[in-house]
Amino acid sequence: MKQFLNVLKFELGNYFKSKSFMVTTILLALAVAAAVALPPVFMKGSFSEVFGGSKGSTEATGEEAEKGSSADGNYDSDADVLAIADPDGFVSDITELTDRMPGYNWKVFDDTDEVEDIVSAGAKGGFILTGRYTYTYVVNDLSILDSLDSEFSEIYTDYWQEQELKAEGIDAAAVEKILGHSSISDMKVLGKDGANNYWYTYILIFVLYFLVLFYGQMIATSITSEKSNRAIEVLVTTVDSTSLIFGKVIAGAISGIFQAGVILGSGLLTYHFTGAGWDYRLDFLFHIPAEVWGAFVVFGLLGYLMYAFLFGMLGALVSKTEDISKSATPVTMIFVVSFILTMTGMNDSSSLLMKVASFIPFTSSNAMFARIALGSVSSVEVVISAAILAATVVVLGWLAAKIFRFGTLMYGNPIKFTQALKKIREQ
């Protein structure tokens with residue numbers, strides 16, 4: 001135990017004394033905090049526009065509304081100018097259209113060329129009426145976010161529908177009132193709200209993905225580096241191999257948890273103080289139940305330890321750091337498959353595929369966590385899955401210690417995993 005604690009202390013010191021580790025942690029934490037804190041500052045008063053629609057669909061008020069809806073108002077910038085022409089006189093009163101899109105400086109022209117000219121000169125856009133329900137939208141540079149065409153299409157369609165209803169002697173307002181009715185429902189969720197929980201589950205699985213791959217590669221590189229400079233020979237002859245591998249793996253786990261905790265914590269803490277600035281629109285992302293946090297810690301930690309032991313084994317089987325990538329590819333691919341399977345299965349967390357994956361050790365750290373966060377899982381299933389995963393971690397930890405001792409004293413070409421198992425059985 002003393003040897004394990006000494007190794008753990010030494011490895012933790014390497015992490016926390018590393019400038020790159022601390023600087024990366026601080027910078028990422030500040031970046032997350034800034035991403036949460038700054039948008040409310042720059043978008044203050046604009047949330048209705050950002051989340052609820054575009055400028056054209058937002059009502060202007062007071063004097064500004066009158067100016068915006070006027071066909072001859074004056075604006076300081078052509079960015080708010082919209083042009084319209086009805087050369088064949090399809091619409092009896094053009095203001096019936098322009099009043100339906102307030103907030104712009106409408107310019108009315110008789111000639112289509114004049115519309116094109118003012119748009120070319122910098123106006124926001126223009127509309128040339130070509131018939132009942134038909135028109136031409138004129139724009140200089142079409143942006144992917146441009147919504148003017150769809151806005152005008154809606155009001156032009158409404159205009160002609162009203163004209164046709166009037167021609168039939170039907171009250172358009174009454175029809176609109178009837179068609180405006182819709183069913184009103186209440187929802188009672190007996191289990192988990194998978195739609196509401198989706199995004200924070202998605203993010204936490206991504207966090208685990210990066211922790212496993214980043215720190216797994218780091219553990220493998222650390223072992224191979226010590227092996228390449230022969231320092232490992234001194235270590236394995238003076239320190240028990242089990243203490244060595246467990247110390248390295250658990251130190252990586254503590255460092256990873258610390259780093260992830262600081263980064264995620266900065267976002268949670270910042271949102272606690274800036275939630276009102278977001279109109280609490282990100283509650284679905286930051287209000288994570290204790291049950292989900294508990295599942296993430298248990299299954300995330302066990303999954304991390306399992307893959308970390310595998311990476312540690314592979315690090316001991318190669319003598320050069322450039323061979324690590326090739327040697328670690330099988331383990332990396334297994335975890336990537338687990339990640340993709342879970343991401344795909346999140347759309348239906350109760351599917352047979354997700355249920356099976358939640359009991360397979362190499363996929364359960366992701367799959368069972370997703371099932372707990374997004375659906376209803378019995379306590380028995382959770383306990384069985386966690387027990388299988390924990391037993392796998394213990395077995396792989398024991399195997400890693402054996403292979404670690406054998407592999408670190410073997411130099412030259414990379415040793416195959418099957419060859420290492422054969423040598424261990426012969427001992």
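The values are calculated or read from the model by the stated rules, or taken from the named source; none is laboratory data. Bear in mind the structure is a predicted one, so any value in this text is a computation, not a measurement. Cβ placement follows ideal geometry from the backbone for every residue including glycine, while neighbour counts extend to all protein chains displayed. Accessible surface areas use protein heavy atoms only, side chains included; no ligands, DNA or RNA. Shrake-Rupley method; radii C 1.70, N 1.55, O 1.52, S 1.80 Å.
Below is a table of values for the structure above.
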{"quantity": "Sole exception among (1) touching a residue at least 40 places away in the same chain (Cβ under 8 Å); (2) in a helix (DSSP H, G or I); (3) among the hydrophobic types (A, V, I, L, M, F, W, C) for Val318, by number", "calculated": "(2)"}
{"quantity": "Residue that is at pLDDT 85 or above and surrounded by fewer than 15 Cβ atoms within 10 Å (Cβ to Cβ), where the choices are Val393, Val356, Val377, Val331", "calculated": "Val356"}
{"quantity": "Identity of the residue in segment 79-110, surrounded by fewer than 16 Cβ atoms within 10 Å (Cβ to Cβ) and small (Gly, Ala, Ser), that ends up nearest to Gly125 (Cα to Cα)", "calculated": "Ala79"}
{"quantity": "Segment 279-299, residues that are assigned to a helix (DSSP H, G or I) and either of a type in the set (Asp, Glu) or within 18 Å of the chain's Cα centre (by Cα) (or both)", "calculated": "Asp283, Phe284, Leu285, Phe286, Glu291, Val292, Trp293, Phe296"}
{"quantity": "So Met306, is it open to solvent by less than 20 Å² (accessible area, probe 1.4 Å), modelled with pLDDT under 85 and not small (Gly, Ala, Ser)", "calculated": "no"}
{"quantity": "Close pairs from segment 139-156: first touching a residue at least 12 places away in the same chain (Cβ under 8 Å), partner aromatic (Phe, Trp, Tyr) and loosely packed, with under 15 Cβ neighbours inside 10 Å, Cβ under 8 Å, at least 6 apart", "calculated": "Tyr156/Tyr133"}
{"quantity": "Segment 117-137, subset among the aliphatic types (A, V, I, L, M) and in contact with a Phe, Trp or Tyr (Cβ under 8 Å, 6 or more places away or on another chain), residue farthest from Glu164 (Cα to Cα)", "calculated": "Ile118"}
{"quantity": "Residue count, segment 352-383 (criterion: part of a helix (DSSP H, G or I) and either touching a residue at least 60 places away in the same chain (Cβ under 8 Å) or of a type in the set (D, E, K, R) (or both))", "calculated": "13"}
{"quantity": "Near pairs, Cβ below 7 angstrom, 6+ apart or cross-chain, from segment 1-14 (at pLDDT 80 or above) to any residue that is among the small types (Gly, Ala, Ser)", "calculated": "Leu8/Gly247; Leu8/Ala251; Leu12/Ala251; Leu12/Ser255"}
{"quantity": "Qualifying residues in segment 174-192 (those that are modelled with pLDDT of 75 or more and exposed (fewer than 10 other Cβ atoms within 10 Å of the Cβ)) - the one nearest to Ala290 (Cα to Cα)", "calculated": "Ile184"}
{"quantity": "Residues of segment 1-42 classified as among the aliphatic types (A, V, I, L, M), closer than 18 Å to Gly261 by Cα and exposed (fewer than 11 other Cβ atoms within 10 Å of the Cβ), total", "calculated": "1"}
